[in-house]
1. Rounded to the nearest 10 Å², what accessible area does Arg77 have for a 1.4 Å probe in the complete protein model?
2. Given the DSSP H assignment, sum -39500 (n - 2.57) over each helix run of at least 4 residues in the chain and divide by its residue total; what's the result at 222 nm in deg cm²/dmol, nearest 500?
3. I'd like to know which of Ser126, Gly106, Tyr56 lies farthest towards the positive end of the charge dipole of the range 2-152, counting +1 on Cβ of Lys and Arg and -1 on Cβ of Asp and Glu.
4. Per-residue accessible area for Val76 at 1.4 Å probe radius, Å² rounded to 10?
5. For Thr136, what is the net charge nearby, where nearby means another residue's Cβ is under 13 Å from its Cβ and Lys, Arg count +1, Asp, Glu -1?
6. Out of Ala26, Ala120, Ala18, any idea which swings most in a Gaussian network model of the chain, alpha carbons joined below 10 Å?
7. If amide H atoms are built 1.01 Å from N in the plane of the peptide, which residues on other chains or at least 5 residues away come under 5 Å of the amide H of Lys3?
8. Which whole-number percentage describes the relative contact order of the chain, with Cα contacts under 8 Å and a sequence gap of 6 or more?
Amino acid sequence: MIKIMFICLGNICRSPMAEIIFRDLASKAGLGGDFLIESSATSGENVYNGIGAAVYPPAVRVLASHGLSAAGKRAVRLKRDDYDKYDMFICMDRHNVSDVIRIFGGDKDNKISMLMDYTARPGDVSDPWYTGDFDTAYNDISEGCKGLLDYLK
Ligand code: 4NP
């Protein structure tokens, strides 16, 4: 069992998309049982009184256009003690990486990477919160998830 945590700033757009897309790819490859797949936020912006926000509606819509459901996913914040509970912390951009290193106080077991590292074009996932372009974000995340699954196979 490989335990994967996808991470972005708010856990309402990019990392929930990665969680849902990767779970679907793994399931379609017959490997659903080999992974624990979750996602979380570096910030607490979208968790109020312990209750996380739902996935942002434009992200829900782009997932739905690809036949995927975001039902039930609520934002959660990454915690320091998550470090020993997961094998990989896969960030959407470089700011997430520095925030995650700060939350964990380091990365002694080299568990932190960026999603696009698993593609031929490493770098940040396009951030739809600022671009408004959820299709480009979907395509980046889908390419990253395919590359990640190939890497892990
Ligand atoms: P995400 O997008 O990190 O992909 O979930 C964002 C969501 C919320 C905010 C920023 C980015 N925010 O500032 O609340």
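1. The accessible area comes out at roughly 130 Å².
2. Working: 5 runs with 58 residues, N = 153.
So the helix-based figure for the chain works out to -11500 deg cm²/dmol.
3. Tyr56
4. Number for this one is 70 Å².
5. Working: positive: Arg14, Arg121; negative: Asp124, Asp127, Asp133, Asp135, Asp140, Glu143.
Local net charge: -4.
6. Looking only at Ala26, Ala120, Ala18, the largest GNM fluctuation is found for Ala120.
7. Leu36, Asp87, Met88
8. Details: 278 pairs, mean separation 42.3, N = 153.
Reported as a whole number, the value is 28 percent.
The values are calculated or read from the model by the stated rules, or taken from the named source; none is laboratory data. Just so it is clear, the model here is predicted, and its values are computed rather than measured. All Cβ positions, glycine included, derive from the backbone under ideal geometry; neighbour counts span all protein chains shown. Each accessible area value is taken on the protein alone, full model and side chains, heavy atoms only, with ligands, DNA and RNA left out. Shrake-Rupley method; radii C 1.70, N 1.55, O 1.52, S 1.80 Å.
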